[in-house]
1. Find the strands (runs of 3 or more DSSP E) located wholly in region B:45-104 whose residues include 1 or more that are under 18 Å from B:Ser7 (Cβ atoms), and list them.
2. Would you confirm whether or not region B:71-84 contains a residue that is at pLDDT 95 or above and of a type in the set (Lys, Arg)?
3. List the pairs whose first member sits in region A:91-108 and is closer than 21 Å to B:Gln56 by Cα, whose second member is among the small types (Gly, Ala, Ser) and open to solvent by 40 Å² or more (accessible area, probe 1.4 Å), and whose Cβ atoms are under 7 Å apart, counting only residues at least 6 apart or on separate chains?
4. Count, please, the residues in region B:57-73 that happen to be in contact with a Lys or Arg (Cβ under 9 Å, 6 or more places away or on another chain) and open to solvent by 50 Å² or more (accessible area, probe 1.4 Å).
5. Can B:Lys83 be described as out of contact with any strand residue (DSSP E or B) (no Cβ under 7 Å at 6 or more places or on another chain) and either surrounded by fewer than 18 Cβ atoms within 10 Å (Cβ to Cβ) or within 25 Å of A:Asn30 (Cα to Cα) (or both)?
6. Considering only residues that are within 9 Å of chain B (Cβ to nearest Cβ) and more than 14 Å from the chain's Cα centre (by Cα), look in region A:21-54 and name the one that is least open to solvent (accessible area, probe 1.4 Å).
7. What is the number of the single condition among (1) surrounded by 13 or more Cβ atoms within 10 Å (Cβ to Cβ); (2) within 12 Å of B:Ser93 (Cα to Cα); (3) more than 14 Å from the chain's Cα centre (by Cα) that B:Trp34 does not meet?
8. Of the residues B:Leu76, B:Leu109, which is within 14 Å of chain A (Cβ to nearest Cβ) and either in contact (Cβ under 8 Å) with a residue 12 or more places away in the chain or buried (at least 22 other Cβ atoms within 10 Å of the Cβ) (or both)?
Amino acid sequence: GIQVEQSPPDLILQEGANSTLRCNFSDSVNNLQWFHQNPWGQLINLFYIPSGTKQNGRLSATTVATERYSLLYISSSQTTDSGVYFCAVEPGTYKYIFGTGTRLKVLA
Amino acid sequence: DGGITQSPKYLFRKEGQNVTLSCEQNLNHDAMYWYRQDPGQGLRLIYYSQIVNDFQKGDIAEGYSVSREKKESFPLTVTSAQKNPTAFYLCASSIAASDKAFFGQGTRLTVV
């Protein structure tokens, strides 16, 4: 089956810093989403981005489907950005496969 | 408010007992999903349903069962056959299979 790998696995930032999270997938996909899991376990949908670039405030995402990767950019990070970031891909099987996650900690 | 409601938030059961986790959505979504998350790990798909009265096994369906008798409800039963049931269980829904997915707040199941 399709493999979804995220990097880096762990990231520590000072408040105000920028970061880039990467999601690589081993086969073509129909859809891709980015999620943020907060410390209470809630998964928040950040982007639905099978291709192209989208922006939402301090966050933006780019998916290059032909090269099988997606990037999530976080600018001017805040302590509330801490948590785990997951990408999830749908390879045409009507179900999402989740990546391994990037654990982000933003220090005040 | 529209959304996905999972209950209970925390659940404790004795080993050997079956337990049912509730997932209800009022978003009028056709597709619903159950995922399992172990500490420090990603999400693994247990079961999914593209439409009412139909469901398919995910990657780790052994020891679990589901039903989809109503569009808004997709309960998950963790049976005594599940070897390691202690985990965080997340339910999700989407307008249609493979569309943007929304998650409930999860149920933390502890089996002692």
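The values are calculated or read from the model by the stated rules, or taken from the named source; none is laboratory data. In this text, all values refer to a predicted model and were calculated from it rather than measured experimentally. Reconstructed Cβ throughout: ideal geometry from the backbone, glycine too, with neighbour counts over all protein chains shown. Protein only, heavy atoms only, side chains kept; ligands, DNA and RNA dropped before computing areas. Shrake-Rupley method; radii C 1.70, N 1.55, O 1.52, S 1.80 Å.
1. On the way: elements: B:54-57, B:64-66, B:76-78, B:87-94, B:101-103.
By residue number, B:64-66, B:76-78, B:87-94, B:101-103.
2. Within region B:71-84 (the criterion being at pLDDT 95 or above and of a type in the set (Lys, Arg)), the answer is yes, since at least one residue qualifies.
3. Pairs that qualify, where the first residue is closer than 21 Å to B:Gln56 by Cα and the partner is among the small types (Gly, Ala, Ser) and open to solvent by 40 Å² or more (accessible area, probe 1.4 Å), are A:Pro91/A:Ser28.
4. 2
5. Working: out of contact with any strand residue (DSSP E or B) (no Cβ under 7 Å at 6 or more places or on another chain): yes; either surrounded by fewer than 18 Cβ atoms within 10 Å (Cβ to Cβ) or within 25 Å of A:Asn30 (Cα to Cα) (or both): yes.
Against the criterion (out of contact with any strand residue (DSSP E or B) (no Cβ under 7 Å at 6 or more places or on another chain) and either surrounded by fewer than 18 Cβ atoms within 10 Å (Cβ to Cβ) or within 25 Å of A:Asn30 (Cα to Cα) (or both)), B:Lys83 qualifies.
6. A:Gly41
7. Every condition holds for B:Trp34 apart from (3).
8. On the way: B:Leu76 fails: within 14 Å of chain A (Cβ to nearest Cβ).
Exactly one residue qualifies, and that residue is B:Leu109.
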